[in-house]
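Asker: First the structure, which I've put down as structure tokens, then a few questions once you've had a look.
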Amino acid sequence: MRNLPSGTVTFLFTDVEGSTKLLHELGPDRYAEALAEHRRVVREAFGGHGGVEVDTQGDAFFVAFPTAPGALEAAAQALQALASGSIRVRIGIHTGTPHVADEGYVGVDVHRAARIAAAGHGGQVLLSETTRNLVRMEVRDLGLHRLKDLAEPLRLFQLGDGDFPPLKTLYRTNLPVPASVFVGRRREVAEVAAVLARADVRLLTLTGPGGTGKTRLGLQAAADASDRFPDGVFWVGLAALDDPQLVLPSVADALEAKDDSAVHIADKRMLLLLDNFEQVVDAANDVAALIGDCPNLNVIVTSREPLHVTGERVYAVPPLEERDATSLFRERAIAVRSDFSADGVVGEICRRLEGLPLAIELAAARINALSPAAILERLQERLPLLTGGPRDAPERHRTLRATIGWSYELLTPNEQRLFARLAVFAGGCTLEAAEHVCDADLDTLASLVDKSLARHRDDRYWMLETVREYADEQLEATGEPTELHRLHADWFKRLARTAEPELRALHQRPWLDALERELHNFRRALTWALEEGECELALTLLNALDRFWGNKGRSAEALAWFDGALAKGSELPVDIRARALWIAGRHAGLVDRRARAQALLEEAAPLLAHAGRREDHVFCLCELASIQQRAGNAVEATRLLDQAVREAKDLGQPRALSAALGARSHLASARGDYAGALSLAEESLSLRRTLNDPAVVLSSLYAVALAALDVGDEHRARILFREALELARNLGHLVMIAASAANLGYLELFGGNTTEARSLLREGLKTFTEMGRESFVADCVSGVAAVEAAEGRPRFAVVLWAAVDASFARVGGQLDPIDSLGRQRFEPRARATLSAEDLVAAAEEGAAMTLDVATQLALETSTE
């Protein structure tokens with residue numbers, strides 16, 4: 001065997017850029033000559049600096065170096081020698097402490113180095129921060145990037161200061177970070193990629209029983225395909241859902257869509273991964289309709305069964321090949337015991353487990369207590385007796401159940417009890433929740449994690465869905481599921497009610513994030529409550545989550561839950577039903593279901609008055625007035641607001657009066673009475689400053705700033721937007737951060753402060769981009785263009801404006817008033833400084849550019 005470096009090792013991967021294209025350009029003979037020269041040069045450079053060639057596949061090299069400086073010097077020498085030739089090589093370098101097994105290097109560092117290389121371009125050398133810290137050569141910081149191995153973002157560096165296109169890393173995505181490295185499946189990934197690349201396949205379903213690795217294969221295939229989908233690759237986890245009607249709202253959540261999913265996606269080139277579809281398979285037609293409405297949308301589904309809709313292509317995920325299976329066992333075993341060394345028994349274990357990834361992981365988790373031989377012996381003893389499930393079930397599925405059953409029977413009674421009880425949670429739980437609901441203790445939880453029957457990450461514990469299903473069967477057998485579900489619902493009701501006042505406080509963002517993490521548990525609690533007829537509990541929980549639904553853009557889902565609870569809860573106490581009707585009506589208005597909103601609010605208003613909820617009655621009248629205003633019924637809107645103001649003054653409640661005055665301001669603005677709108681908005685703000693609720697103060701600050709702009713008072717608007725931005729940052733209110741920063745950026749630009757304008761518009765652009773708010777992204781790109789024009793770069797400004805126009809032409813829409821004003825002030829001057837030829841070329845370049853590319857260019861040029 002080669003004498004491979006050990007300890008701290010620097011890995012170097014190379015790959016030839018565009019080898020297929022180069023073969024066609026040079027022809028077979030010249031290409032073979034160029035490739036042979038490339039191999040000679042590379043081997044000479046690497047060998048001269050202590051590199052050991054670990055593997056060579058086609059035109060790619062995998063080399064290990066005992067030192068990081070040696071690896072970088074070798075890379076620099078190789079590129080210099082290849083510079084005059086036709087072959088361009090990309091190189092990735094990463095340093096780690098891998099395990100050296102009989103078969104070679106094992107560990108995440110090898111995979112990481114390969115992925116770094118794949119992210120680069122011909123002639124570019126990329127290195128990780130670990131390697132950067134060990135060298136003194138000149139490198140360029142390229143910032144944080146998510147690689148296609150789906151790990152946490154890495155800071156990458158480039159050798160030298162050459163200019164290259166953006167790295168081929170994951171850009172717009174929410175693909176989750178798996179707990180462990182992806183092993184093997186090279187053939188399957190290639191097969192899925194080939195199917196996904198076909199123009200006639202837009203729906204690909206990966207099928208197989210639980211534990212076959214559908215999710216991991218789907219995630220990796222989606223990551224690898226990301227270059228083909230410039231508008232994003234998004235994962236939608238459905239494991240915790242049991243209501244098919246929640247599938248499309250879950251898609252909208254993942255996309256952070258303001259409108260419904262089809263409107264948001266439109267003709268974007270986007271890839272969705274719908275994971276664990278089997279329990280919501282009745283939503284198959286909804287998915288097919290979404291694909292039909294969105295001409296450039298591709299969907300990957302993981303499911304235990306096909307969707308059976310037109311156009312679906314099914315890929316049955318096979319068991320792991322023996323080499324991949326043993327590699328997976330070895331990787332997972334080393335994670336448990338670092339000195340583990342595989343032997344021939346491991347192959348037999350994997351064959352016995354039929355190459356099922358989950359079964360292999362469960363077995364490998366036992367390596368800290370059992371030798372491979374002992375594991376094999378137990379498997380031989382137990383599997384024939386633990387087939388489980390129906391006799392006609394697929395053999396692989398029966399084997400998987402047997403493996404989970406084997407792991408379960410090895411638990412202590414306390415571990416078995418907790419394992420079963422944890423099934424009550426959807427999407428995992430905190431330690432505190434497990435302690436309260438399941439009477440858990442930390443040691444037992446940690447033991448379940450060690451045995452791979454539970455997972456732990458970021459202070460949360462959860463189970464793979466296949467394992468949770470088995471646990472749920474054990475829970476049903478105990479006879480205590482009803483009691484546990486009640487404890488579960490009570491716990492999350494209490495969490496929501498604890499958070500409710502905090503969502504009115506200055507630092508509300510941690511609470512919003514905490515509620516977001518428990519969304520699946522809230523859904524589980526609501527489902528159980530409605531099934532059991534516990535409508536009062538359900539509405540109490542829904543009411544407490546009111547601001548959460550609104551702040552997170554989930555009004556459509558909230559309305560669906562309210563409708564279900566109200567339909568079953570006709571005998572509820574008047575005050576609970578009245579408040580629920582009012583809140584449901586407001587959420588209906590937020591998703592523009594005006595008729596439904598009007599019906600709910602009209603039913604709520606007299607009940608609120610009857611129940612003595614006079615302040616809520618004022619809010620309800622304001623909501624009704626807003627619905628009438630949008631319907632064009634200004635007379636009725638005025639009547640309702642007059643009544644609201646009178647009642648609010650009678651109450652002497654500044655919160656109610658400020659809401660009524662704010663609603664009057666919106667009505668005045670719609671009528672063109674800008675001075676009146678400003679006066680009313682200022683009065684509303686003055687009242688809200690007396691309240692202990694910074695969120696409503698923020699809303700009023702923004703409203704007054706906009707009203708000030710309408711009357712031409714840019715100085716006043718600048719002061720108010722700055723105050724709003726500071727408050728929004730403290731609250732973590734992303735929409736208001738982005739909007740306030742962008743508007744303030746324009747005002748700074750109008751005042752001649754281009755440096756501050758650039759920084760603020762970049763903040764708005766970056767935040768709106770992260771949120772997926774495309775129309776607002778286009779507005780901010782237009783703002784960056786105005787800054788470019790003001791600072792004397794007219795050609796780039798025209799390119800960006802052309803890209804914005806092309807985006808609006810594709811999806812509809814237009815610039816907001818302040819964005820339009822900025823363009824009117826700076827575009828004519830920019831166009832006048834360019835020649836006719838330059839103007840045409842710049843416009844054509846921008847028109848051919850996607851909004852994503854324009855956004856990336858605008859962000860890069862705006863970096864301070």
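Asker: Just to be sure before I move on: is Ala194 under 26 Å from Gly292 (Cα atoms), part of a helix (DSSP H, G or I) and out of contact with any helix residue (DSSP H, G or I) (no Cβ under 8 Å at 6 or more places or on another chain) in the structure I sent?
Answerer: In short, yes.
Asker: From the list Leu519, Leu495, Leu515, which residue is open to solvent by 30 Å² or more (accessible area, probe 1.4 Å), under 26 Å from the mean Cα position of the chain (by Cα) and at pLDDT 90 or above?
Answerer: Leu495
For every residue, the table says whether it meets (1) free of Cβ contacts under 8 Å to residues at least 12 places away in the same chain; (2) surrounded by 15 or more Cβ atoms within 10 Å (Cβ to Cβ); (3) among the basic types (Lys, Arg).
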site	(1), (2), (3)
Gly27	yes, no, no
Tyr31	yes, yes, no
Ala36	yes, no, no
Glu73	no, yes, no
Val89	no, yes, no
His94	no, yes, no
Gly107	no, yes, no
Ser128	no, yes, no
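Asker: Return only the number of the condition from (1) open to solvent by 10 Å² or more (accessible area, probe 1.4 Å); (2) touching a residue at least 40 places away in the same chain (Cβ under 8 Å); (3) under 21 Å from Gly732 (Cα atoms) that Leu761 does not satisfy.
Answerer: (1)
Asker: For the structure I just gave you, tell me whether Glu331 is of a type in the set (D, E, K, R), touching a Leu at 6+ places or on another chain (Cβ under 8 Å) and open to solvent by 10 Å² or more (accessible area, probe 1.4 Å).
Answerer: no
Asker: Among the residues of the range 124-144 satisfying the criterion of being touching a helix residue (DSSP H, G or I) at 6+ places or on another chain (Cβ under 9 Å) and within 15 Å of Pro166 (Cβ to Cβ), which is modelled with the lowest pLDDT?
Answerer: Ranking the candidates gives Asp141 first.
Asker: In the range 786-794, is there at least one residue being outside any helix (DSSP H, G or I) and within 24 Å of the chain's Cα centre (by Cα)?
Answerer: No, the range 786-794 has no match at all.
Asker: Just the residues that are surrounded by fewer than 22 Cβ atoms within 10 Å (Cβ to Cβ) and at pLDDT 90 or above, please, taken from the range 419-444.
Answerer: Passing the criteria: Ala423, Thr430, Leu431, Glu432, Glu435, His436, Asp439, Asp441, Leu442, Asp443, Thr444.
Residue-wise test of (1) open to solvent by less than 40 Å² (accessible area, probe 1.4 Å); (2) touching a residue at least 60 places away in the same chain (Cβ under 8 Å); (3) touching a Lys or Arg at 6+ places or on another chain (Cβ under 9 Å).
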site: Arg136; (1), (2), (3): no, yes, no
site: Gly143; (1), (2), (3): yes, no, yes
site: Asp149; (1), (2), (3): yes, yes, yes
site: Phe164; (1), (2), (3): no, no, no
site: Asn174; (1), (2), (3): no, yes, no
site: Arg185; (1), (2), (3): yes, yes, yes
site: Ala193; (1), (2), (3): no, no, no
site: Gly218; (1), (2), (3): yes, yes, no
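Asker: So, one more: Among residues belonging to the range 304-328 that are of a type in the set (Ser, Thr, Tyr) and outside any helix (DSSP H, G or I), point out the one that is farthest from the chain's Cα centre (by Cα).
Answerer: Restricting to residues being of a type in the set (Ser, Thr, Tyr) and outside any helix (DSSP H, G or I), the top hit is Thr310.
Asker: Is there a residue in the range 114-121 that is under 27 Å from Asp343 (Cα atoms) and not aromatic (Phe, Trp, Tyr)?
Answerer: yes
Asker: Which members of the range 7-48 meet the condition of being acidic (Asp, Glu) and at pLDDT below 90?
Answerer: The answer is Asp15, Glu17, Glu25, Asp29, Glu33, Glu37.
Asker: Is there a residue being out of contact with any Gly (no Cβ under 7 Å at 6 or more places or on another chain), open to solvent by 20 Å² or more (accessible area, probe 1.4 Å) and under 30 Å from Gly344 (Cβ atoms) anywhere in the range 306-319?
Answerer: Yes: one or more hits.
Asker: So, one more: Only one of Trp561, Trp582 is in contact with a Phe, Trp or Tyr (Cβ under 8 Å, 6 or more places away or on another chain) and either open to solvent by 30 Å² or more (accessible area, probe 1.4 Å) or of a type in the set (A, V, I, L, M, F, W, C) (or both); which?
Answerer: After applying the criteria, what remains is Trp582.
Asker: Looking only at the range 547-555, decide whether some residue is surrounded by 22 or more Cβ atoms within 10 Å (Cβ to Cβ), more than 20 Å from Arg504 (Cα to Cα) and in contact with a helix residue (DSSP H, G or I) (Cβ under 8 Å, 6 or more places away or on another chain).
Answerer: Scanning the range 547-555, I find no residue that is surrounded by 22 or more Cβ atoms within 10 Å (Cβ to Cβ), more than 20 Å from Arg504 (Cα to Cα) and in contact with a helix residue (DSSP H, G or I) (Cβ under 8 Å, 6 or more places away or on another chain), so the answer is no.
To keep it simple, each residue is scored yes or no on (1) among the polar types (S, T, N, Q); (2) in contact with a strand residue (DSSP E or B) (Cβ under 8 Å, 6 or more places away or on another chain); (3) at pLDDT 90 or above.
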position: Ala634; (1), (2), (3): no, no, no
position: Arg639; (1), (2), (3): no, no, yes
position: Ser669; (1), (2), (3): yes, no, no
position: Leu687; (1), (2), (3): no, no, yes
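Asker: Oh, and also: Give the residue that is farthest from the chain's Cα centre (by Cα), with candidates limited to residues of the range 665-695 that are touching a residue at least 60 places away in the same chain (Cβ under 8 Å) and assigned to a helix (DSSP H, G or I).
Answerer: Pro694
The values are calculated or read from the model by the stated rules, or taken from the named source; none is laboratory data. All values reported here derive from a predicted model rather than from experimental measurement. In this analysis, Cβ positions are derived from the backbone assuming ideal geometry, glycine residues included, and neighbour counts consider all displayed protein chains. These area figures cover heavy atoms from the full protein model, side chains too; ligands, DNA and RNA do not enter into them. Shrake-Rupley method; radii C 1.70, N 1.55, O 1.52, S 1.80 Å.
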